[in-house]
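Engineer: The structure under discussion is supplied below as C-alpha cells; questions concerning it will follow.
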Amino acid sequence: MCARQNHFRSKKTARPATNEQRFLTYWAYMMVQITFLDGQFISFLIAITLLSISPGVDTLLVIRNTARGGVRDGVVTSIAICCGLFVHATISALGISLILLQSAWAFHLLKLAGAAYLIWLGVASLLAARRGTALPVQSVLQTASPVSIWQPVKEGLLSNVLNPKTVVFYMAFLPQFIAPTDPALLKSLWLAGVHFVIANIWQISVVLMVGGASKWLASARFAQTLNAATGAVLIMFGVRLALEQRPV
C-alpha cells in the first residue's frame, strides 16, 4: 500500500522539463555531435572558416579601429561584429529574414542603410587621411585608448547588423544544417556561436598582427596611406552594396 502511495506521489510531483534543462540537454547533444565529428558539422566548419578569413568589410573595420585606437579597440570591434551574428541567427530562425527577402521595400531599406553606414565610415577615414596625423602607437602597443569603448562597439555591431549580405547568407546557409526535428532557434544560435568563435580567432589574430606593426604605425605617411586606402575601400563596398539587386 505504501509503495503504491509513494508511486502516486512521485507521479504528482513529477514536473515537465524547464527551458534551462531543455537548453542544457540540447547543448550536450551538440557537444556529442562535435565529439564524434559529424560530417555535416565539418562541412559547416570549413565553410564558416573560409568565410571568416576572406577579406571583407569586417576585417577592414578591425584593422582600421586597431590602427586608430589600439589592441583594445580592435578586440572590442571584433567581438561587436561577431555579436551581430546572433542577431542574424535569431531573425533567421524566426523567419524575419524571409520577410526581408520577399519584401522588396524592406530589403531595399536595409540595403541602403548598410550602404550609407559604410560610406559614412569611409568618408571619416578619408578625412582622417587628409589631416595626415600619425596613429597613436602607444595605444596600439598597450590597451589604453583615447576613444570611448562604445565607439568600436557601435561601429562593429552596426556594420554587421546592417549588412544585408549576412541576412541573405544566414537565411540561405543555416537551414541546410538544421533538421526538421531540431529546435530552429537553439540550433541557429549554436551555429552562430561556432561562427562567433572562428571569426573572432581570425580577427583577433589580425588585431595582434596590426598591433605588432608599431614602427610602421608611428609614421604619419603610413597613417595617411592606411586611412586613405581604408576609406576608399569602405566607400567602394558601400556603393557596390547600394547598387546590388535583391536576390530572387
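This table checks each residue for (1) under 20 Å from residue 173 (Cβ atoms); (2) modelled with pLDDT of 70 or more; (3) surrounded by fewer than 19 Cβ atoms within 10 Å (Cβ to Cβ).
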position	(1), (2), (3)
25	no, yes, yes
29	no, no, yes
36	no, no, yes
52	yes, yes, no
60	no, yes, no
66	no, yes, no
72	no, yes, no
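Engineer: Let me ask you something else. Is it the case, given these coordinates, that residue 119 is loosely packed, with under 13 Cβ neighbours inside 10 Å, assigned to a helix (DSSP H, G or I) and at pLDDT 75 or above?
Structural biologist: Spelling it out, it is not the case that residue 119 is loosely packed, with under 13 Cβ neighbours inside 10 Å, assigned to a helix (DSSP H, G or I) and at pLDDT 75 or above.
Engineer: Right, residue 149: over 19 Å from residue 86 (Cα atoms) and surrounded by fewer than 16 Cβ atoms within 10 Å (Cβ to Cβ) or not?
Structural biologist: When the stated conditions are applied, residue 149 passes them.
Engineer: Is there a residue being polar (S, T, N, Q), assigned to a helix (DSSP H, G or I) and at pLDDT below 80 anywhere in the range 86-107?
Structural biologist: Checked against the condition, which is being polar (S, T, N, Q), assigned to a helix (DSSP H, G or I) and at pLDDT below 80, the range 86-107 yields at least one hit.
Engineer: Residues that are β-branched (Val, Ile, Thr) and modelled with pLDDT of 70 or more: find the helices (runs of 4 or more DSSP H) completely inside the range 131-211 holding 1 or more of those.
Structural biologist: So the answer is 150-161, 164-173, 184-211.
The values are calculated or read from the model by the stated rules, or taken from the named source; none is laboratory data. Because the structure is predicted, anything quoted here is derived from the model rather than measured. Glycine also receives a Cβ, built like all others from the backbone with ideal geometry; neighbour counts cover every protein chain displayed.
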